[in-house]
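What follows is one structure encoded as structure tokens, with my remarks underneath.
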Amino acid sequence: MECQEEKPIIYTMENKPIVTCAGDQALFTSLYTSLAQQLPREPMEWRRTYGRAPKMIHLEANFVQFKEELLPKEGNKALLTFPFLHIYWTDCCDTESYKSSVKEDMTRWQNSLRTHSSPDWVIIVVETNDTKKKNKPNILPRSSIVDKIRSDFCNKQNDRCVVLSDPLKDSSRSQESWNSLLLKLRTLLLMSFTKNLGRFEDDMRTLREKRTQPGWSFCEYFMVQEELAFVFEMLQQFEDALVQYDELDALFTQYVLNFGAGDTANWLGSFCAAVRSWSGLLLRRPIDMEKRDGIQRGEASLLDLRSYLFSRQCTLLIFLQRPWEVTQRALELLHNCVQELRLLEVSVVEGALDCWVFLSCLEVLHRIEGCCDQAQLAANCSHTVGLWAYATDKLKSLGELCGLVSESGPTSEDLNRTVDLLAGLGDERPETVNSLQSPYKKLKEALSSVEAFERHYLELSHAAMEMYRAIGRLRSARLVGKSLAEFYMRKGDPERAEKFLQEALKSYVSEGWSLPVTHTRRQIAECQKLLGRTEEYLQTSALLAGDGNLSTEERKHFCQEILSFSARSGEQSPKVTLSMSVFTQLTRLQFRPATASVHSGAVLQVELTLRCLMPVAVRIQQLVASVHFDVDQGGTLGRPKGAKRPAKPGTIEFRPGGSSAGPHGSAHSAASSLACPVLELDEIQDRSPTDNSLNSTGVVCKNTHLLMRRHDSGSPPPDTTNCVSPPAVAMKEGAQVLRVQDVTLEPGNNSITFTAPSAQPGTYTLRQLCATVGQVQFVLPHIYPSVRYDVYSQEPQLTVEPLSEPLLAGLPQTVKFTLLTGHYSVKKGDALQLSNSDSMPLLPSSCCTAHIRSPAHDPVGESVLSIQSSEKVTSISLPATPPYHTLEFQLEVLCVIPSGAERPASERLTNGEVRHRPRSYSHPDTPMTAIDQRMSIDCPWSIYSTLLALTFYIPFKTRHTLLSAGNRKYIQVCVQNVSDVNFTLSEVKLTEKQQETTLELQSLNTKNHQLLCSKHSVFCLWEVRWKDDLPSCLQCVFSASFSPSERNVSGSKAFHYQFQLERVTTLYSVRADILPPAGEQHCRSGFLCGLEVCITRLSEPVDGELAEDSKTDADGLRTTKLMYEVADSSSNWAVCGKSSGMVSMPLTANATHRLQIEVMPLFAGHLPFPKIKVLKYLPHTAAVAIQPDPDSCVENDSLSLLDKTLDEQADTASIRSRGSVHSVGSGEQQQRGVAMPRLEPFSPGQVFNHSHARQVLVLPAADDHIMEVNAT
């Protein structure tokens, strides 16, 4: 467009509401200017009907002289010529003049209004000082004249008579009079306008509701609703005016759609007439009166109605400053008109509709350019680019129709068609005659010659593409480019056409449009063949030969092109390298064996499944797969030597996108081939080169080069089958390859088997695949995901594992020896040297058979082992075994259960190492105690000894308890079976370790054989009897024989358990009794009772006790201090007053101390006695007693101790804390090393409580036998 082009004139509506003026015209003329200027200055709130939102409007008026012809006739619904208000002007102040002329004139004026039903009027009386002076003798007060007018004409409407005082003077009184008048006029005018407009809208709705009746005409209704739009436009309410046209547009569109569905309307017949003119839209006039008259007469065509309706919408949108909505509506209009013409079956000359669309697009663009500057156009090109592209497409269609695109030029028939199309355009409109770049001139010039058409078409095409690129719509830009490429192909310029076709192909491939891809590739192949680009043409031909969207004949044609070139001799043409993905696809790879891991020298086969995409069988001279060899570094660079390989499937499925589909998956659909490759992770480990210990581990991504590659709209997806131009490929030279000669690939799946090299240990990775067909090589540059197999050279490995879990100590257990020979060949005479151990001896066997298995775990042979034992070493002779075979045999071992006796001196193994005694420990996964037994084995293939460990579990848990009944003592031993095996116990004994004592252990066990079931216990009891004195320490040995219950008792094994008991003599006895309240026979709940406690010394003190905690009082009597505490953990009793205290106890036999404590029962019934505890009080001078072994006895109940010095708390309640030994003092004092008094519990059996299990009867507080029952 030219910048110097004359901009169109924007014609605004000058119509205003009509107001008639009667009476003194000279008076009105003198006030007209002030009235016309001041009336629209102040806005008025316009409250509309039907709940519509109010608006502020500025009212203007067209003041005209009153004539009876202006009054509306009956049936006239025009609003633009309707007088909304009638004004009568007078400045009469003389009574005679009023009666003689003014009154009569007013009467005629009102009669005319009444005759035409015009109730909107007002009388304005103007009062000036000049008028008063001129008629001073006869004048009356102003109020008299106004009152007469109001009484004569305004009986019920006094506000219809307004007084204007001194209108031409600049005074406050005059200004106030003007404001009152203007407010009145605005109010009356707005009331009249609202009333008449509402009546008009009601009539219009009534007319619209009659649209289903016969004889209804859309054109008539169009004129009525457009009248309403004119009124809104007259009030500058352009949005409301636009709504009226949008409603007309929607109504007409609905009728057209109904017509297409079979619902016809009679008035649509006028719009079905053949199109005779296609001059395009006319947007340079606010109102196209020519087309409006045609609509009013019912003679307009469909294009005329649409053109006029859009021109009015465009004018209003420009007034609303929404020019970009014009372009959006224009594009919808042009497409809808084409469809509506087809629905209405309107006869249109071929090419006429293209001319109309082309002219309309340019007319809209010219109209937008006329109201926007260049910066706005550039910033909003996204709104206009659709019109540019549509105009380009229609111009191309016109060029093809008129023969302007072919190489030979237009024919005579084409010229005649061009003349007919130009004739339908008519004469150029006056608005564009002086414009050099008007749409009319452009179309006429473009159809005049081939050169002019090419210039205009290229100008529009490049403009559309640049706009699309500027707004980021590359797809649309490439679509325009593809259309431009077809134009160049018709013009015989394949070089330019190929560039645009390649760009379009990128979009189709990235979005997965298979049919456009095929069509575009066929066009590209034609260009490449014309340009003589052999390699690119063969690549594209291969893609088309495997394209299922083409017919079989077309595919065979392109395949034959490749075969013809490959059959040429080397002198005629060089070798051409193409991508294999367009020729055949690797779909499956299978290893044999499936583990993809063999030892060096073994046979490994690789079977490839190739899906040939060609429509005919193709003979391949050779198929080569290059292999990359990587020497295994023993774990320092990744996978450790001898480590377990990750589980890999024997069959790997490939999908077209390049990633595997899983071990049993299948190829994905074509849509999924465009997806990104899946994440392929592998574990990497760093191990120490010295001892092969793990230093660190991590995860590495093996396909980073594929995942991190940038994919934008300009780059193809990973699927090479759908690539625009497959990447350049080259076969890398490899030292080792898999090769197959003379293979014929049939269409579909083909199976090819290779024999893989396996001479050297390491990792072999398949990298590339190449198929040679004459002078053409098809290369697969990367096999993805990476496929590899391992060739290993394994060191011999000896493992020992139990035949069944778990291994039980004390019973013969069978263990399995497994020897993986690796690269070592076991010769006849090789032997394993096992170090003997007292804690786990090897049991002799009459016959031990070794089994030899192949790498595939198939049995190879059997041989009887020769086992020779000496004092320290057991020698096992091995049979001859080939490399990479497995040798298995079984032996019986026995783990001795430790008895807890003193450990012997350390032993040494055959290799000189010190043998450490096995130590038992608790295992977290089982309740049994575990023992780790190690064995040292010297192997013939190594100078180092092999240390192997076996874990045994002790099936029993044994504990002992010292029981007392006064002075009588009992020892109870509990044997718990924590294993899953049932045992039989026999020969249960308990003996004293020192036989010279005078003790007697009398067994109270009645059965000689007892069944010990799994997870059950057996209790054994002995009474301890003595003659003189009971020793302070007892060392006992518990022994028993056990065997599994299903075996014979004769095969029992011995079991020993040693333990020690200290301080077993009973020192004190505690007796308690509860006395009821005075006068009561029994205790009652809630009443205080007396608790009498008697502590009695039973024996004389020993020497250690005298030195430990005793002292001499003033009478020379040895005493010791005891701490007592009364507590009830079950909350049956409330201890009242002192609940704990300290007593001084003489160290003589039968010494007694009595206590009285008040207690209160809280419940009724047989209540157990409160718990009474007695503790030793050790002064700060006493040494800390050594705690007894927690494994030697059962711990006492938790003890209640004090946190204060015992001397200060005699009258305080007990403060309870838990512990076996407690210092009475703060932790800070203990940390400073200050000796503090402390409490120490007695050992089990030293204190015997006679009332431990006694109960007392407690009666309820009141004998009220009342039972509450709630009924609902």
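The values are calculated or read from the model by the stated rules, or taken from the named source; none is laboratory data. Bear in mind that the values here come from a model prediction, so they are computed numbers and not experimental data. Ideal geometry is used to build each Cβ from the backbone, glycine not excepted, and the neighbour counts take in all protein chains shown. With ligands, DNA and RNA removed, areas are computed over all heavy atoms of the protein, side chains included. Shrake-Rupley method; radii C 1.70, N 1.55, O 1.52, S 1.80 Å.
If a spin label sat at a point 7 angstrom from the Cα of PHE1163 along the line to its beta carbon, the backbone N atoms of the range 1118-1140 nearer than 11 Å would be those of 1130-1133.
Once fully extended, how much extra length lies between TYR32 and CYS1033, figured as 0.36 nm per residue of separation less the alpha-carbon to alpha-carbon distance?
On the way: separation 1001, 0.36 × 1001 = 360.36 nm, distance 13.79 nm.
Contour length minus Cα-Cα distance gives 346.6 nm.
Computed from phi, the 3J(HN,Hα) profile of the range 448-465 under the Karplus parametrisation 6.51, -1.76, 1.60 (θ = phi - 60°) reads 7, 8, 5, 5, 5, 5, 4, 5, 5, 5, 5, 4, 5, 5, 5, 5, 5, 5 Hz, with x in place of Gly and Pro. Measuring nothing but protein heavy atoms, the accessible surface of the range 476-543 at 1.4 Å probe radius is 52 percent carbon and sulfur. Rounded, prolate or oblate: pick one for the range 955-1062, where a ≥ b ≥ c are the square roots of the eigenvalues of its C-alpha gyration tensor, a/c under 1.5 means rounded, and failing that, prolate if a/b is larger than b/c, else oblate. Prolate is the answer for the range 955-1062, as a/c is 1.5 or above and a/b outweighs b/c. Report note on the peptides 362-374, 339-351, 510-522: ranked by the mean count of other C-beta atoms within 10 Å, highest first, their order is 362-374, 510-522, 339-351. For SER1085, the residues whose modelled amide H falls within less than 5 Å of its own, excluding neighbours fewer than 5 places apart on the same chain, are LEU1259, ALA1261.
The packing ranking, built from the mean of other Cβ atoms within 10 Å per residue, places the peptides 543-552, 797-806, 84-93 in the order 84-93, 543-552, 797-806, highest first.
Take the Cβ atoms of ARG297 and GLN25, set R0 to 45 Å, and the FRET efficiency comes out at 0.70. Whole-Hz Karplus values for the range 366-381 come out as 5, 5, 5, 5, x, 10, 9, 8, 5, 5, 5, 5, 5, 6, 10, 5 Hz, taken residue by residue from phi with 6.51 cos²θ - 1.76 cosθ + 1.60 and θ = phi - 60°; glycine and proline positions read x. Listed values for the range 416-422 are Karplus-derived 3J(HN,Hα) couplings in whole Hz (6.51 cos²θ - 1.76 cosθ + 1.60, θ = phi - 60°), namely 4, 5, 5, 5, 5, 5, 5, and x replaces Gly and Pro. Close amide-amide hydrogen proximity is noted between PHE1242 and LYS1176, each under 5 Å apart and 5 or more residues distant or on a separate chain (H modeled in the peptide plane; Pro and chain starts excluded). Between amide H atoms placed 1.01 Å from N, distances below 5 Å from LEU842 occur with SER837, all of them 5 or more places distant or on a separate chain. Maximal additional length on extending the ARG41-GLU683 stretch stands at 222.7 nm, based on 0.36 nm per residue less the C-alpha distance. Here the extension length gained between SER751 and ASN982 equals 77.1 nm, from 0.36 nm per residue of separation less the Cα-Cα distance.
Take the alpha carbon gyration tensor of the range 366-440, find the square roots of its eigenvalues, order them as a ≥ b ≥ c, and report rounded if a/c is under 1.5; if not, report prolate when a/b exceeds b/c, else oblate. Present the calculation step by step, with values, prior to reporting the outcome.
Numbers: a/c = 3.47, a/b = 1.65, b/c = 2.10.
Oblate.
Sorted on the mean count of surrounding Cβ atoms within 10 Å across their residues, most packed first, peptides 738-744, 119-125, 379-385 read 119-125, 379-385, 738-744. Let's test the formula: R0 of 41 Å, r as the Cβ-Cβ distance of LEU320 and ARG199. What FRET efficiency results, to the nearest 0.05? According to the calculation, E is roughly 0.90. Calculated accessible area for the range 955-1062 comes out at 54 Å² per residue, all protein chains present (probe 1.4 Å; ligands, DNA, RNA ignored). If R₀ is 35 angstrom, what is the calculated FRET efficiency for the pair HIS335 and ARG48, using the beta carbon separation as r and rounding to 0.05? FRET efficiency, HIS335 to ARG48: 0.50. Surface composition of the range 955-1062: carbon plus sulfur atoms hold 45% of the accessible area, using a 1.4 angstrom probe and ignoring ligands, DNA and RNA.
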